[in-house]
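Coordinate-derived values only; no laboratory data. The model shown is predicted, which means the values in this text are computed figures rather than measured ones. Cβ coordinates were reconstructed from backbone atoms using ideal geometry, including for glycine residues, and neighbour counts include every protein chain displayed.
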Amino acid sequence: MLALSGIGQLVTNDEIHGGRLGVLNEAAIVFDKGLVAWIGESKDVAKNCDVAPINVDGRAVIPGFVDSHTHLVFGGDRVHEFEARMAGKPYESGGILTTVAGTRAASDGQLVGNVERLASESLRSGTTTLEVKSGYGLSVADEVRSLVAARTVTSETTFLGAHVVPPESSADEYVAKVCTEMLAACAPHAKWIDVFCDRGAFDLDQARQILSAGKGAGLGLRIHANQLQHGGAIRLGVEIGAASCDHCSHVDDADIDALAGANDRTVATLLPVAEMCTRSNLPNARNFLDAGVTVAIATDCNPGSSYTTSMPLVISLAVANMGMTPDEATWSATAGGAAALRRDDIGVLRVGARADAVVLDAPSHSYLSYRPGMQQIQAVVRQGVVVSGSWSMSR
């Protein structure tokens, strides 16, 4: 059992407490057996727990971040590509093949070691749930071992064999392989299937074929949609029942209307660091939010276009550059990410939910965007256990 008291601001994301963030002041929370056991006023905590509470001295506590879009399984890096892009070379999907070569050359131990390193880094910055994709193997054996590596850090694993077409295959041959032999081998290690539907990757017909095959194999659906140019990927994602359309950088009113009409079934996941690091226009989150679209924000951690695991950085960019308020960005980084994974046990602090929380070294969640770039994660609790940070607080 773990109890926190003296919480200046407790963000629960439970509307029973008022507003979308369900904020409580002068609050306390008790975790037991990996779940939230009690929430209430700080003055009442002693009679609702069997341990001495830790007084967080007025700090804010929020749900653990849910990073619903990452590519942590890879070998090598693409720092030279980044340098070239910063010198004016445009971003294209073809750079993915550089990482495919590095991933194929890496040993199983190297892949697992890199995934674990990045997952640990993510945890220290407050992320308690990660989605992790394959997609840099692009062969049956390499996609399987990528998913096996991903499973060492999360149950939210995504088969992304349809990232790009590898150089040894034609597009038609590769789509057929993804839908048959590769899917059969990868499905036991994955919860989701994803496809990069964009210029230089897969077209709408190919994406529909791949996602339909994945759905037939019992996998949930996700789609990389409209990152590099406008197309029909968002509307395809909504039509086919994808949990999330990710990037959404080039949209029109019909795309937003489709997402708004999905009634929370399909989330728009925005990835601001990828746009920043490719010097692309960031999507205007206000257009989505004002239309009633459910929005998540995520890191898109990958070695080519967004080499970060920091959800606080994502929140800062969402507020400063995408038109979100601090409240909206905090919700989208927690409950929004949970919605993109179709989970209701994470991204929220209510009795019975998973005991995942972040203690901020700040009095309010707004400090995450108010003080961009600063280390403000005091401690991280996952499943009721302090897994990162220290308690320079009082009992």
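A few remarks follow.
- A crude spin-label estimate for the pair Val51 and Arg371, with each label 7 Å from Cα along the Cβ direction, gives 2.7 nm.
- Shape call, segment 167-228: gyration tensor on alpha carbons, a/c limit 1.5: oblate
- Computed FRET value (nearest 0.05) for Thr325 with Ala87, which takes r as the C-beta separation and R₀ as 41 Å: 0.70
- For the chain, averaging the sequence separation of C-alpha pairs within contact (under 8 Å, six or more residues apart) and dividing by the residue count gives a relative contact order of 21 percent.
- Scattering from segment 93-147 was approximated by placing one identical point on each alpha carbon and applying the Debye formula without solvent; log10 I(q)/I(0) at 0.13, 0.22 1/Å stands at -0.36, -0.88.
- Candidates Ser332, Ser364, Ser146, ranked by Gaussian network fluctuation over the chain, Cα under 10 Å, top entry: Ser364
- Using a simple spin-label model with pseudo-atoms 7 Å out from Cα toward Cβ, Ala101 and Ala185 lie 2.2 nm apart.
- Computed over the chain, the per-residue total of -39500 (n - 2.57) for DSSP H runs of n ≥ 4 gives a 222 nm mean residue ellipticity of -9000 deg cm²/dmol, rounded to 500.
- Percent of alpha-carbon pairs separated by more than 21 Å within segment 87-232: 43 percent
- As a rough guide to protection, the peptides 6-13, 151-158, 256-263 ranked by mean Cβ packing within 10 Å, highest first, stand as 6-13, 151-158, 256-263.
- Full-stretch length increase - Ala141, Ile16 - with 0.36 nm per residue and alpha-carbon distance subtracted: 40.2 nm
- Pairs of alpha carbons in segment 312-386 whose separation is greater than 21 Å (percent): 28 percent
- Computed lengthening from Glu173 to Glu239, 0.36 nm per intervening residue step minus Cα-Cα distance: 21.2 nm
- Charged-residue dipole, Cβ positions (Lys, Arg, Asp, Glu), the chain about Cα centre, Debye nearest 20: 700 debye
- Cα centroid separation, segment 26-96 to segment 172-228 (Å): 29 Å
- For the chain, the number of Lys pairs with C-alpha atoms closer than 26 Å, counting only pairs eight or more positions apart or on separate chains, is 9.
- 10 °C / 1.306 mPa s Stokes-Einstein diffusion coefficient of segment 66-340, Kirkwood radius on C-alpha pairs, µm²/s: 87 µm²/s
- For segment 110-171 versus segment 316-395, the gap between their alpha-carbon centres in whole angstrom: 24 Å
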